[in-house]
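Read-outs throughout are calculated quantities, based only on the coordinates presented, and are distinct from any laboratory measurement. If you're wondering where the values come from, they're calculated on a predicted model, not measured in any experiment. Every residue, glycine among them, receives a Cβ derived from its backbone with ideal geometry; neighbour counts consider all protein chains shown.
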Amino acid sequence: AGGEAVMVEVRAIDSLVDSGAAPPTLLKIDVEGGEGAVLEGARKTLGKYKPHVLCEMHSFNPDGVRRAFSVLADEGYSCATLNGAEAASFPQGGLETCHVLATPG
């Protein structure tokens, strides 16, 4: 609010890898509610290269969280919160932010 807008280039992770960038071994995602879109744009990379994923998820965007867990499940990942609890969807209990570690299965 009241700040200056900044234009940035956005590319999907899959397009970066397809254009010759080294495939990641770890994805750290902290995009304030856009985690579903990021993981959807990395679906091919997740399926082929199986990087670990550390993702901050926000309850204010439940659709983005649902989409993120859907991609991870489709690509065979197991998810746990950083406190060690198994996670297959956004943890209950009033949490607004959750850090999830997804490992390839």
For residue 29, residues with placed amide H under 5 Å, excluding near neighbours: 54, 55, 56
Loop sites in region 23-69: chymotrypsin sites (Phe, Trp or Tyr not before Pro), DSSP, at most 14 other Cβ within 10 Å: 60
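Relative contact order for the chain: what percent, with Cα pairs under 8 Å and sequence separation of 6 or more?
On the way: 166 pairs, mean separation 27.9, N = 105.
About 27 percent, as a whole number.
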By average C-beta atoms within 10 angstrom, highest first, the peptides 14-21, 76-83: 76-83, 14-21
Inter-site label distance for residue 16 and residue 31 at 7 Å from Cα along Cβ, in nm: 1.0
Helical mean residue ellipticity (222 nm; -39500 (n - 2.57) per DSSP H run of 4+; nearest 500) of the chain: -8000 deg cm²/dmol
Among 23, 83, 38 the positive-end extreme of the charge dipole of the chain (Cβ point charges): 23
Inter-probe distance in nm under a simple model that places probes 7 Å from Cα toward Cβ, at residue 80 and residue 60: 3.0
Answer label, with volume of the Cα convex hull per residue in Å³ calculated from the coordinates and candidates (i) 107; (ii) 90; (iii) 125: (i)
Inter-site label distance for residue 73 and residue 5 at 7 Å from Cα along Cβ, in nm: 3.7
